[in-house]
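Beneath this line is the structure, given in structure tokens, with notes to follow.
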Amino acid sequence: MGTPDFAVPSLKALVDNNYDVIGVVTKVDSTRRGSRGLKDVPPPVKEFALAHDIPVFQPEKLSKDTDLINKIAQLDPDLIVTCAYGQILPISLLDIPKFGTINVHGSLLPKYRGAAPIHWAIINGETRTGITTMITEAGLDTGDMLLKEEIEIPIDMTAGELHDKLSLLGAETLIKTLIALENGTLKPEKQDERLATYAPKIEKNTGLIDWSQPALEIHNRIRGTTPWPGAYTDMCGKRTKICCSKLTGYPDCLSDSIKDTTICPGTILYIGADGMWVKTIDGAIFINLIQPESCKSMTPMQYACGHELKVGMKLTKCK
């Protein structure tokens, strides 16, 4: 049971390791506007399942689809695996499989329960994260933990890059979990509720930059919302995505400006061929790739060639 790209490696691992996947449950196809009008786009998990002749079920609301729940009961699965499915599972479904339901979650539980653990781990400046396999129960990522695998989050890693690493790590951890289940060596561990945190769904406005924040927090928000929904600011009266940033290596000529507390945060201190430096509450941040509204991504210098982008201009919050 899964939906997005993140879940595909786990499904592939089950197939590659000769587990008998008797069905896939995923969300309904999405509708997107293309060059020839609206079209239905299947979830990545559905595409993989159909390519491997695995039956696919796409309920609008699983908890209310008693026909599908009865169908799954008739299939009599030994185990259900969930990975980024996107719906809370009803007890009537969880009671079906002989060995329960195992979830692959993209955080080190009990931290970052919820829909967007990868984004929020970066936005909040975590330096390590990982995968937790757990027993799925009625609550939101509250079940007993099974196995954990940790990885480091480098200071310039984006949410997209971390997503790809964790999706592969999730597949590996899932197979280790199933082998331990078969061998009878799994030792479920209760989550410590005192350490629990929540990672809510990412919205478009999650990427709104507040230039009065410290440089590190702005940098974390930029990389934590890349590639989607993207961090953004008002630049020359246009909503502009900030695609890439870093914190070190400013020119010596900026030493005084960066320390000057009278310069408003959001003020452009420098524009060069490599990018631009923008003042923050505690220093400055380097931006080397932007995407103005209705434009392709480009360097600040490329944008400045045709617009009134210049040193001393102040970037502001979009309304």
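Here, each number is a calculation from the coordinates, and none is a lab measurement. Values in this document were obtained by computation on a predicted structure and should not be read as measured data. Every residue, glycine as well, gets a Cβ built from its backbone with ideal geometry; the counts of neighbours run over all protein chains shown.
Brief remarks follow.
- For Cys244, nonlocal amide neighbours, meaning residues 5 or more places apart or on other chains whose placed amide H falls under 5 Å from its own, are Asn288, Leu289.
- For Lys246, the aspartates and glutamates whose Cα comes closer than 15 Å to its Cα, not counting residues fewer than 8 places off in the same chain, are Asp156, Glu217, Asp274, Asp282.
- The stretch 5-195: Cα Rg divided by the 2.2 N^0.38 Å rule of thumb: 1.04
- Neighbours of Ile22 by Cβ distance under 10 Å: Lys/Arg scored +1, Asp/Glu scored -1, total -3.
- Rg of the Cα atoms in the stretch 160-215, relative to 2.2 N^0.38 Å, amounts to 1.78.
- A cut-off under 14 angstrom between Cβ atoms defines the neighbours of Ser294, and their net charge, with Lys, Arg +1 and Asp, Glu -1, is +3.
- Karplus 3J(HN,Hα) series, Hz, for the stretch 12-26 with 6.51 cos²θ - 1.76 cosθ + 1.60 (x for Gly, Pro): 4, 5, 4, 5, 5, 9, 6, 7, 7, 7, 8, x, 10, 10, 9
- Amide N proximity, the stretch 56-83 versus Thr31 label position 7 Å along Cα-to-Cβ, cut-off under 19 Å: 58-61
- Using the Cβ-Cβ distance between Leu289 and Leu79 with R0 = 45 Å, the FRET efficiency computed as 1/(1 + (r/R0)^6) comes to roughly 0.50.
- Subset of Lys27/Lys111; Lys46/Lys190; Lys111/Lys204; Lys204/Lys259 violating a 29 Å alpha-carbon distance limit: Lys46/Lys190; Lys204/Lys259
- Sequence-distant residues sharing a close amide H with Thr280 (under 5 Å, placed H): Gly266, Ile285
- Additional length obtainable on full extension of the chain from Lys190 to His52, 0.36 nm per residue less Cα span: 46.1 nm
- Taking Cβ atoms as reference points and 15 Å as the exclusive limit, the residues near Cys244 contribute a net charge of +2, counting Lys and Arg as +1 and Asp and Glu as -1.
- FRET E, pair Ile151, Cys264, Förster distance 35 Å, beta-carbon r, rounded to 0.05: 0.35
- Summarising the label geometry, the points placed 7 Å from Cα in the beta-carbon direction at Ser92 and Glu203 lie 3.3 nm from one another.
- DSSP bridge analysis restricted to the chain gives an antiparallel fraction near 85%, rounded to the nearest 5.
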